[in-house]
Structures are given as C-alpha cells and as structure tokens.
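Colleague: Can you read through this structure? Questions will come right after.
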Amino acid sequence: MSTASTETWGQMWLPLWPLASDDLLQGIYRTSRHNALELRYIETNPQSMSNLLVVDIDHPDALMRAMWNRKAWQPNAVVENPANGHAHAVWALAEPVTRTEYARRKPLAYAAAVTEGLRRSVDGDKGYSGLITKNPTHEQWEASWLTDHLYNLDELTEHLTVSDFMPPDSWQRTKRKNPVGLGRNCTLFETVRWDVYRVARTIRKRNEHPTPEDR
C-alpha cells in the first residue's frame, strides 16, 4: 500500500482500541490501534459511532461489482482477498452516525437503510454484521482506492434511489425480525422503548399523585 493510501485510511478509520484478529476462527480481541493495524481483520467503527459503511461481497468479481455503473458513488476502498476475489467495499461518511444509547433513532435507521441499499447494489452478504472488516493495510489483501470523497447519507440515498436499490420503508419493519449491522441498534431501541416509556409514565404519575407509601 502506498504512503498516500495509508494516510487516507488513517484519516477514515477511527477506532483507537479496536477489536482485531489474524484468524477469526481463533477469536478476536481488543488491542491498540497500532497493534491492530498489523493484523488481517480489524473492527470497522468505534463503539460509539459509525463513519464507515461496509458491505461484504462474496463473489469472485467483487471489485467489478463495486465499481460497475456508479462513477459518482464508488466506494472509497475495496479490500479484496486475491485468493477468491471476495472483498469488502467501504464507503466513508463526512459526518459519523452516533450509536450510543443517547443516539437519535432516525439517523441510525437511515444509515442502516442506506447500508442495505449499498448491499443490494452489489448483491452483498445479507448476514454480514459490519463489525469486523479486512484491514486494507495488511499485505494479504489487495486494496483498491477509488476515491477520497466523503459521502453524506442523502447523497448516497439519491444515487441508490435512482438506481432502484434503496429499500422501501417496509424493509425496516421486516428487518427487525433478523437484524444485522446498524439495524441491530435500531431493533434494540424498538424492543425496549415501550417498556421504558411505561416505566417513565409510572414514575411521573407517582410524582404527580404520591401515595402515602411514596411520601
């Protein structure tokens, strides 16, 4: 990898203490950023935010799929396994999407839908969680750097909609049955929020009309 490409990845990739591994079958562990960049697999995003949208393309022509007919919205990088042609395609965002418990659900759901659209555009792996990606700085992989442009979600949505890859609104409801990637955070919110709302109403009523036991 060239020095320029290494610097580009260093700016795009944000985790400071990522999960990493040289062999996923042997497990993953958290380590320093410096040590992680020596290993084949690394955590895609920090725990609190997502600024990289990654799609797993399990096809021998993965690079061609990621580049085909999308000059204005090519991935920033395609990290390919030269042994079988499979690859991870990476789109970098100009503004990260927050994933903490304090995050707003709508931007998170929006990012999950855009990721699904990107997956559909290359017929990517439906089960890929997005947690771990191929390290483009590792010598085992072949990394193709296609653009240094940072995308926003609206921009990607426009291209995906025109190309008829953006999932319909109903996809979010169906995806809750089998969530992966960013959709897991959305599902967690949907699953627990009604219980939280119920508890909050109970506490508010107690404060407004305390019983003798509460006084």
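Colleague: I'm trying to understand the selection: among the residues of region 136-155, which are among the polar types (S, T, N, Q) and either within 15 Å of LYS71 (Cβ to Cβ) or under 15 Å from the mean Cα position of the chain (by Cα) (or both)? Before you say what the answer is, go through the steps one by one.
Modeller: Residues of region 136-155 that are among the polar types (S, T, N, Q), as a first pass: 137, 140, 144, 147, 152.
Scanning region 136-155 gives SER144, THR147, ASN152.
Colleague: Quickly run through region 25-39 and pick out the residues that are crowded, with 16+ Cβ neighbours inside 10 Å and more than 30 Å from ARG104 (Cβ to Cβ).
Modeller: Within region 25-39, THR31, LEU37, LEU39 qualify.
Colleague: Report the residue count in region 116-153 for those that are modelled with pLDDT of 95 or more, within 23 Å of PRO60 (Cβ to Cβ) and among the polar types (S, T, N, Q).
Modeller: Residues that pass the stated criteria total 5.
Colleague: Still on this structure, I have one more. Looking at region 40-64, which of the residues that are among the hydrophobic types (A, V, I, L, M, F, W, C) and surrounded by fewer than 19 Cβ atoms within 10 Å (Cβ to Cβ) is nearest to HIS138 (Cα to Cα)?
Modeller: Within region 40-64, the first condition is being among the hydrophobic types (A, V, I, L, M, F, W, C), and the residues that meet it are 42, 49, 52-55, 57, 62-64.
Okay, now just the ones that are also surrounded by fewer than 19 Cβ atoms within 10 Å (Cβ to Cβ), so 49, 64.
Numbers: MET49: 24, MET64: 21 Å.
Among those residues, the one meeting the criterion is MET64.
Colleague: Could you identify the single residue in THR191, THR187, THR174, THR161 that is more than 17 Å from ASN45 (Cα to Cα), out of contact with any Ser or Thr (no Cβ under 9 Å at 6 or more places or on another chain) and modelled with pLDDT of 95 or more? Before the answer, list the steps.
Modeller: Numbers: THR191 fails: modelled with pLDDT of 95 or more; THR187 fails: modelled with pLDDT of 95 or more; THR174 fails: modelled with pLDDT of 95 or more.
None of the others qualify; the one that does is THR161.
Colleague: Output yes when any residue across region 75-98 is in a loop (DSSP other than H, G, I, E, B), within 24 Å of TRP9 (Cβ to Cβ), modelled with pLDDT under 95 and not hydroxyl-bearing (Ser, Thr, Tyr), and no when none is.
Modeller: no
Colleague: Restricting to region 134-174, name every residue that is farther than 22 Å from GLY85 by Cβ, part of a loop (DSSP other than H, G, I, E, B) and touching a residue at least 24 places away in the same chain (Cβ under 8 Å).
Modeller: Taking region 134-174 as the starting set, the residues that turn out to be farther than 22 Å from GLY85 by Cβ are 148-164, 166-174.
Going one step further and asking which of them are part of a loop (DSSP other than H, G, I, E, B), we end up with 148-150, 152, 163-164, 166-169.
The answer is ASP148, HIS149, LEU150, ASN152, SER163, MET166, PRO167.
The values are calculated or read from the model by the stated rules, or taken from the named source; none is laboratory data. In this text the structure is predicted, and so the values were computed from the model without any measurement. Positions of Cβ are generated from backbone atoms using ideal geometry, with glycine treated the same way; all protein chains shown enter the neighbour counts.
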